[in-house]
1. It is to be established whether one or more residues within the stretch 165-184 are assigned to a helix (DSSP H, G or I), touching a residue at least 60 places away in the same chain (Cβ under 8 Å), touching a helix residue (DSSP H, G or I) at 6+ places or on another chain (Cβ under 7 Å) and not acidic (D, E).
2. Do we have V137 as of a type outside the set (K, R), at pLDDT 95 or above, within 22 Å of I272 (Cβ to Cβ) and out of contact with any Cys (no Cβ under 9 Å at 6 or more places or on another chain) here?
3. Counting residues that are open to solvent by 20 Å² or more (accessible area, probe 1.4 Å) and within 22 Å of R175 (Cβ to Cβ), which strands (runs of 3 or more DSSP E) fully inside the stretch 189-278 reach at least 2?
Amino acid sequence: MTRVLRTRGELRDALTLSARPVGLVPTMGWLHEGHRSLMRRARGSDATTVVTIFVNPRQFNETADYARYPRNEARDIAICAEEGVDLVWAPPVEEVYVPGFDTTVSVGAVGQPLEGAARPGHFEGVATVVAILLSLVGAERAYFGQKDAQQVMVIRRMALDLSLASEVIACPTVREPDGLALSSRNVHLSAAERGAAPVLQRALVAARRRWEAGERSADELRTEMRRVLAGEPLAAVDYVSCADGLTLQELDRIDGPALLSLAVRFGATRLIDNEPLR
Ligand code: AMP
């Protein structure tokens, strides 16, 4: 039986009675196969699975983006039930941010480039809400998607630095058959944009192939990604990156673990994807 909880008190009471270890899957709802894969990982490892559904206003740097973020709680809860989730915490904003809330968790260097530069305040919002969720749930493990690779790195850094007890586990990106990474934002794509969107993964795969063939110039790989993206008229490039896999600093030469990543706009919808090189 999946229980749906609204307040901190309800969550605390339910957790007191729950078997350990607890696995936490934080989400913003509009659940899809990517979220399901995290729930299954938790179900496979933890005695109790907790999913949070909370569209976190603090991580949206554009209010319009927050307002139009897709929501369907009834469907989300049904998906959690199908996946055998024990507890769903779907709180109103004031249960997450107590009256007078005035703390921001700001992660340093790893949160600055890429999404951090493109979306000012985004990772502060993410780190702050995840710190609250980890602290409220006290999970042994928390599951995140590799789809948001920089987010995982930011959360790992924060959990280490703040001695948060949860182990941070990154799970592989789930994709549509044509390669498009699942994302709640895909629902905003027009039919033509949806048709064009797999170009993100095609660009990443093309660059990966060059790397597998021995190319070690990061510029060459960035150029390769731009070349593929340029073939898709609906794709407006925000950034392409070939960065150090640990620091996310842009590379000249690739001689260790690296991360290829990109952000591309299709009309008003901004999509991101990445491919680790290791
Ligand atoms: P969101 O609801 O978009 O905040 O995502 C909640 C969690 O699901 C985050 O840890 C995401 O990285 C993860 N996630 C989103 N899309 C995917 C995907 N396609 N594959 C795997 N994990 C994903």
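1. no
2. Spelling it out, it is not the case that V137 is of a type outside the set (K, R), at pLDDT 95 or above, within 22 Å of I272 (Cβ to Cβ) and out of contact with any Cys (no Cβ under 9 Å at 6 or more places or on another chain).
3. In the stretch 189-278, the matching strands (runs of 3 or more DSSP E) lie at 236-244, 269-277.
The values are calculated or read from the model by the stated rules, or taken from the named source; none is laboratory data. Computed from a predicted model, the values in this text were never measured in an experiment. Every residue, glycine among them, receives a Cβ derived from its backbone with ideal geometry; neighbour counts consider all protein chains shown. What goes into the accessible areas is simple: the full protein's heavy atoms, side chains included, and nothing from ligands, DNA or RNA. Shrake-Rupley method; radii C 1.70, N 1.55, O 1.52, S 1.80 Å.
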